Each structure stands twice: as C-alpha cells, then as structure tokens.
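The values are calculated or read from the model by the stated rules, or taken from the named source; none is laboratory data. Worth saying up front: this structure is predicted, and the values here are computed from it rather than measured. Methodologically, a virtual Cβ is constructed for each residue, glycine included, from the backbone with ideal geometry; neighbour enumeration extends over all protein chains shown. Heads up: the accessible areas ignore ligands, DNA and RNA and are worked out on the full protein's heavy atoms, side chains in. Shrake-Rupley method; radii C 1.70, N 1.55, O 1.52, S 1.80 Å.
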Amino acid sequence: MKRCLLPFALIVCSTLGSTAQTKPAADLIIRNAHVWTVDASHPEAEAVAVLGDRIVAVGSNTDVDAWRGPKTRVVDAGGKRLLPGFNDAHVHFTDGGFALDSVQLNDATSAREFARRIAEHAAKMTKGEWLLGGDWDETKWSPPELPTRELIDASTPDTPVAISRYDGHMVLADSLALRLAGITAQTPDPAGGVIVRDKDGNPTGALKDAAEDLLFKVVPPLNHDQRRHAIERALQHAAALGVTSVQHMNPEYADIAIYSELLDEGKLTTRVYAAPLITQVDDQVKIGIRHSFGDPYLRIGAVKAYADGSLGSATAYFFDPFNDQHGYRGLLSDEMHPISLMHDRMMRADAAGLQICTHAIGDAAISAILDIYADIEHTHGNRDRRWRIEHAQHMAAKDFDRFARLHVIASVQPYHAIDDGRWAEGRIGHDRASRTYAFRTFLDHGVRLALGTDWDVAPLNPMLTLYAATTRATLDGKNPGGWFPEQKLTIKEAIEGYTLGSAYAEFQETEKGSITAGKLADMVVLSEDILQIDPVKIRDVKVLQTWVGGKLTFDAATAKNEAAGR
Ligand SMILES: [Zn+2]
C-alpha cells in the first residue's frame, strides 16, 4: 500500500478526526521493556518509538503505541532490561580486531605454555610473515618473569616475532626480528624507552615503550584488506557486546580511511570518534577541523598524546620510586622529551579547537599534564574544551581538585583495576594504591567520568567493565569484597559513565548517551536486569539485541553466538 505524503496525510487525517494519526508512524517500537533511560528527567519507561535513526517517544506502552502505524516493526522485549548502547571511550579498535584472529597468549599460565602457543601458531604461518599481537601477561605465570627471545627462537627460525604485552607498553622480539631491526648490544636506549638486556648487555628481546618503535618501524604495515578485515571483525565483536559507539585512540590514518569506506557502503555499524596521535597534530590544524567534526557515525577533531608508560611495564612516571625497583620511578614518554615539545603541540592543538586526550598513568605524569592544561587555559582563556586524561590511574592527592577546576574528564577503564589490583600494591605501596583507580574520589570532587576498556588491552565486553566498577573484585579472587572497596561505583553510576559520560567526553551528549526523544536510537537489550542482580553476576550477563540508529546490528536469537569473553 502506498503511503501518502506528509502534508496531504495531515489534511486527510485531521478530517477523520484522529489525533493519533496526525504524526508519522514510527518505524520501530520496542515495548514491554524495563527501560533505564539514563535521562534524569525521566529515568524509567516501558517502551521506545523510533523514526528513522532517532528516538521519537519514550514512555508507557500506551503512550508509545500512539506512534504505531501499519508498517511499524513492533518488538516485544518480554520485560527485559533496555539501556542506551554502550559507548567505549577508549579503544584500539584495529588492534582489537586483529588480535581476535592472532595468537592468544593472555591466559597462558606459564612461560612453557606461552612458548608452546607461539610455536603452534608460527608453524601455520608462511615463511617471513610477522607474528604480531599476543597480549601476553607474565604476571599470570609462576614465576612471573619477563619472557626472553631464547624461549621462542627454536620454533621461529623463519618467523620474525613482535608480540606485545597486553598493555601495549612492551614487546618481545625473537632473534630474527631483532636482526631485521638492527637492534644489538651496541644500540643505545632511546629517550622514553628501554632495551632490556642480559648480564652481558645483549638484548633479551623485550623492548619497553619508545624502544618498541625501533622494532615496529621494520614491521610492514597492514595492507588495505588486512586492515579492513580487522576492522570488520572488531565491528562484529562490538555489535555482539552492545557497544554502539567507540572512541578510537591513536588510529592510523589508514584506519580512518577504512571507516570512511565502510560508512559509504552503509557497513559502519558502530559509531566512531577517532583521535590520531598528537605527533601529527599539524595535519588536523592545517585542514581546520575542530573537535567532534563529522557525521553521527564517524567524527574526528581530537588528538591523543602519551605522557608516560604503564604500571605493569614499570614505565608509568611517579614522583617517588617504585617499591619494588630501587630508586627508579618510571619514564616520561618520548613525546615529553623535552616537556616543552608536548607543551607546544598542545598549544597548537588547542588554538585550532582540537580536543586533547592524554594518556597519563603515574601521579607525576598526570600532574605534568595538568600543569600544561592549566597553562593553556591561562594563555588561551576559558572555554568548553573537555580535556581528557586517559587512564588517570594513580593520582597525587592534590590533583583531584585540579581535575575539577580545569574540567578535565577522567577517561577510566575499571577492568584495569581488577587486573592490576592483583599486584599493584607491591609496586607502589598502600598509600599510593589508595588513590589508584579512585573512581569514587573523582565523583566526590565533581570530576566527570567516561568509562571504557582500552580494548585490546582489556576485554571489550561492557559487562566485565560494569562488574569491575561495581565489585572491584580482583581477578585472582583475593579481594571478593573489593580492592579499596570505598572506590566502588554503583551500577547506575557505572552505566551513566559508560553512556552519557562517554558521550559527553566526545561532545555528543545531546545526540546520544540516554534514551531521550530526539536522540539517536542506540540501545541494548540484556539477558538479565543488571540494576537488580547481585553485581557479582553482572559479568555473566549477555546482550540479546543491539540497536544502532534504529537498526538491529546484533540479535542473539539469530546470531551464531560469538564468544563474548574478550
Ligand atoms: Zn590505550
């Protein structure tokens, strides 16, 4: 049946005296849902109507039924919990997609098992092809010692290996890869990096932070098809997990090109905000792009900076030395050598209206970045900038107030807390650990949180992040009541940080982040009511449906269920 055009329909309908028909019918109605809207003016509802890619009504089943027309697709949610789609404020999307198909080392429980999996994977590869990815974590081995090239050399004579520690701040090379990169006993440590050496001064194969670049510069970049495949894998994975938006930190430009290609083809099923490295800031400055420029599916206009390394690789930068490494307090990144280099780049980014997202983990690195932010505000004046500190892990007591005063967003990844919580106190002691992943203290100081995962450093699954934020139960099972339990978030706070909070962090809180009429129809339906169940059970909750702009991007009823663990 033909639908009449709007003005005509209005006339016809009004002559029939039906007020319900005076507006266009919804394309989609989801009813009988238990909706938590994350909209403070209207927190709960039963049904949502969608027209095009936008929400047009939220309310009771009866309210929303007024939007029903003959062609409206009506979905009965069967009383299940419906939430705004999750917006992961910090991912490495291409790496994540690539890692899904690479060697899986993260859950290896010994150096032997680590070596066995590498040998098995290398045996299936073509000669000369680089073995990458891995996400190894030596803290899960006993004894927890850094791996060396000797562990893998025998099984990889023709395979150059550059496998990453799961935090991305260390890589292990085999002897062939070291040779190809020209890294020898004579190679000096670069600024902001360490070549780990044995007692004779020979490289062990482990390269930290800026030293990783010595190796990665000889690794051929992904070609177009490999990159596109990795991103398509990542998009599938995100849809299956209810992640409707991601903020891609330090993408290659080639990643943005793939996003753009997929967008053209109508295949970009997760919204992306891409923040390339600040080392390339002048590119965006030249074009004149400002923060959050673009399309609802693809935005740019932010830069990602690195102030230091990571706690796990002992390269996060602190005021005081590590408790387990005498006199050593970590490393500022190469971008901070000298600090004036970072200062100049940030000034240029800010003058151009770009948003700045800075990785800073150790208390001294965070403080140094807040100093630069304060100086920019002093020089360029006050405006709505939404500066971010990515990770914001270990805070100096004095800096919580500075975060609030400068309106800096803490872009945090709660899963890291239950992971690092296994061993962090041994490295930084009790006092510093008490201001670590201090989510509650941030909220108490009026600091906004944006939640995410840092995938593929941590799993992309939002249920694991919500579980981590609400339980703080470390992965080793040793803190069932929570590691520094006073820093737990409530489930409502955690959901808000993961939806509206991360939307705010990309200047999109009026477009998405809550189930509100007028906003983009990005929603998830869950198998259990995470607002009611024991937080310990949140990690087992599954996504039943994912909706992006009113389109169903994942349906558990029809999908051959992808393992949602990672
Ligand atoms: Zn990251």
Of all residues in region 439-453, which are open to solvent by 10 Å² or more (accessible area, probe 1.4 Å) and of a type outside the set (Gly, Ala, Ser)? Arg440, Thr441, Leu443, Asp444, His445, Arg448, Leu449
Of (1) away from the ligand (no atom under 16 Å from the Cβ); (2) outside any loop (DSSP other than H, G, I, E, B); (3) open to solvent by 20 Å² or more (accessible area, probe 1.4 Å), Ile163 fails just (3)
Counting only residues that are touching a helix residue (DSSP H, G or I) at 6+ places or on another chain (Cβ under 7 Å) and not aliphatic (A, V, I, L, M), which one in region 267-281 is farthest from Ala503 (Cα to Cα)? Thr279
Of (1) within 19 Å of Asp476 (Cα to Cα); (2) in contact with an Asp or Glu (Cβ under 9 Å, 6 or more places away or on another chain), Arg383 satisfies all except one. Which? (1)
Leading residue by the ranking (most open to solvent (accessible area, probe 1.4 Å)) among those in region 127-160 that are in a loop (DSSP other than H, G, I, E, B) and farther than 21 Å from Ile183 by Cα: Lys127
Among the residues of region 309-330, is any away from the ligand (no atom under 16 Å from the Cβ), outside any loop (DSSP other than H, G, I, E, B), open to solvent by 10 Å² or more (accessible area, probe 1.4 Å) and out of contact with any strand residue (DSSP E or B) (no Cβ under 6 Å at 6 or more places or on another chain)? no
Which pairs turn up if I take residues in region 389-402 that are within 17 Å of Ile428 (Cβ to Cβ) and look for partners that are part of a helix (DSSP H, G or I) and within 12 Å of the ligand (Cβ to nearest atom) with beta carbon separation below 6 Å, at least 6 apart in sequence or on another chain? none
Leu449, sole failed condition from (1) in contact (Cβ under 8 Å) with a residue 60 or more places away in the chain; (2) within 15 Å of the chain's Cα centre (by Cα): (1)
Just the residues that are over 19 Å from the mean Cα position of the chain (by Cα) and in contact (Cβ under 8 Å) with a residue 24 or more places away in the chain, please, taken from region 377-388. Glu377, Thr379, His380, Arg385
From the set of residues in region 100-114 that are of a type in the set (S, T, N, Q) and over 26 Å from His359 (Cβ atoms), which is nearest to the ligand (Cβ to nearest atom)? Thr109
In region 166-192, what residues are within 16 Å of the ligand (Cβ to nearest atom) and in contact with a strand residue (DSSP E or B) (Cβ under 7 Å, 6 or more places away or on another chain)? Tyr166, His169, Met170, Val171
If a residue has to be of a type in the set (A, V, I, L, M, F, W, C) and at pLDDT 95 or above to count, how many in region 66-107 make the cut? 11
For Glu265: the one exception among (1) under 30 Å from Ala424 (Cα atoms); (2) more than 16 Å from the ligand (Cβ to nearest atom): (1)
What helices (runs of 4 or more DSSP H) completely inside region 167-272 contain at least 2 residues that are open to solvent by less than 40 Å² (accessible area, probe 1.4 Å) and touching a residue at least 40 places away in the same chain (Cβ under 8 Å)? 212-216, 224-240, 253-264
Quick check, is Lys124 under 19 Å from Ser313 (Cβ atoms), open to solvent by 10 Å² or more (accessible area, probe 1.4 Å) and modelled with pLDDT under 95? no
Considering Thr159, Thr126, Thr148, which residue is without any contact (Cβ under 8 Å) to a residue 60 or more places away in the chain and closer than 30 Å to Gly330 by Cβ? Thr148
Scanning region 273-301 for residues that are out of contact with any His (no Cβ under 6 Å at 6 or more places or on another chain) and assigned to a loop (DSSP other than H, G, I, E, B), the one most open to solvent (accessible area, probe 1.4 Å) turns out to be Arg290
